[in-house]
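Worksheet for the structure shown next.
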Amino acid sequence: MLDERAKLLLKTLVERHIADGQPVGSRTLSRASGLELSPATIRNVMADLEEMGLIASPHTSAGRIPTVRGYRLFVDTMLTAHREELVTPPLAPDQPQKVIANAAHLLSNLSHFVGVVAMPRRPVVFRHIEFLQLSERRVLVILVTPDGDVQNRVIFPEGDFTQSQLVEAANYINTHYSGLSIEQMRDRLQAEIDSLRGQITELMRAAVELSSDVLIRDEDEVVVAGERNLLSVADFSSDMGQLRRTFELFEQKAQLIRLLDVSSKAEGVRIFIGGESQVVPFEELSVISANYEVDGEVVGTLGVIGPTRMPYERMIQIVDITSRLVSNALSHRK
């Protein structure tokens, strides 16, 4: 546990590093924190913070910078909300595609980073489903909707299933759940698994996983704006390899969709700091995201992607306000 002095010094160090982009030395930390401490005392506290993995010392400097763990502690316990007046033009009620495109550009323009918005999810109601074994751990899912639309997805389940098992799973789903949305089917199947216990639990669990994967959006259902903003961010522009990896992430929109879908499982603004998990694959990136609604129902997620060294208070406010603007624009459409 950190005492109040250590918390204040860590908070000050993170804020100075976000503002200046430079390692923070003990003298700067002493002035900025307002604490009347000797340089030796501050160095001791910084040594303790470094031992806890909250800050690190670059090889070329005597100062310290925050680690991913340090940023996480700062975000979770030390952020102070300073509401500023953001000039946010209203998103006029219009076609959803135009509202989403305008929202992505608004996020990018306000943050000076990258704005990402997933298109509203549409409930997929199915009439008939089939699972076809293509090869080992490659299964084709064929979904037929009531109006005759056919959707195909190739998925890669972790377990091996015979074609007869897949046929049994499809027959069970078609008999009991035809006419429901995929999400309703998934929820009811999950309850069914809990009651089946040792009978066909493994088969039904596979069916849930397979049907859930059909909900993955097409790549054109996520809008990205402002990628070029990262060219002016020193954290990226000084490392072309890092910049190339980041731009490849934006091209792989399916990965962005998975990232945003993780955000959709929680309320409020979510903060993902790179390197903490597989959600954000690069340590240099952070994602601030929030859900948006249509008539009170969560239908999508939007966010800002930028460097780990970003002004989190401002980003949180930008994402929160934009999610409300999108919700209002889509809910009030005529």
Checklist entry - Relative to the present Cα-Cα distance, how much length would full extension add between residue 134 and residue 3 at 0.36 nm per residue of separation? => result 41.3 nm
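To the nearest 0.05, what FRET efficiency results for residue 69 and residue 158 with a Förster distance of 22 Å applied to their C-beta separation? Kindly include the intermediate steps, with their values, before the conclusion.
Working: r = 30 Å, r/R0 = 1.38.
Here the calculated transfer efficiency is 0.15.
Sort 152-164, 132-144 by the packing proxy (mean of other Cβ within 10 Å over each peptide's residues), most packed first.
Values: 152-164: 11.9, 132-144: 14.1.
Averaged packing, sorted descending, gives the order 132-144, 152-164.
Count charges around residue 71 for me, please; just the other residues with Cβ under 11 Å from its Cβ, Lys/Arg as +1, Asp/Glu as -1.
Values: positive: 69, 72, 309; negative: 76, 276, 283.
That works out to 0.
When a footprinting reagent is the concern and you count Cβ atoms within 10 Å, what order do 271, 129 take, fewest first?
Details: 271 20, 129 23.
Placing the least packed residue first, the sequence is 271, 129.
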Checklist entry - Using the 10 angstrom Cβ neighbour count as an exposure proxy, how do 308, 77, 41 rank, fewest first? => result 77, 41, 308
Next on the checklist: Give the separation of the Cα centroids, region 34-80 to region 140-195, in Å.
Outcome noted: 51
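What is the gain in length, in nm to one decimal, between residue 105 and residue 321 on full extension, counting 0.36 nm per residue of separation less the C-alpha to C-alpha distance? Intermediate values should be presented prior to the final figure.
On the way: separation 216, 0.36 × 216 = 77.76 nm, distance 1.38 nm.
Contour length minus Cα-Cα distance gives 76.4 nm.
Read the figures in this text as sums done on the coordinates, not as results from a lab. Bear in mind the structure is a predicted one, so any value in this text is a computation, not a measurement. FYI the Cβ positions are ideal-geometry reconstructions off the backbone, even for glycines, and counts take in every protein chain you see.
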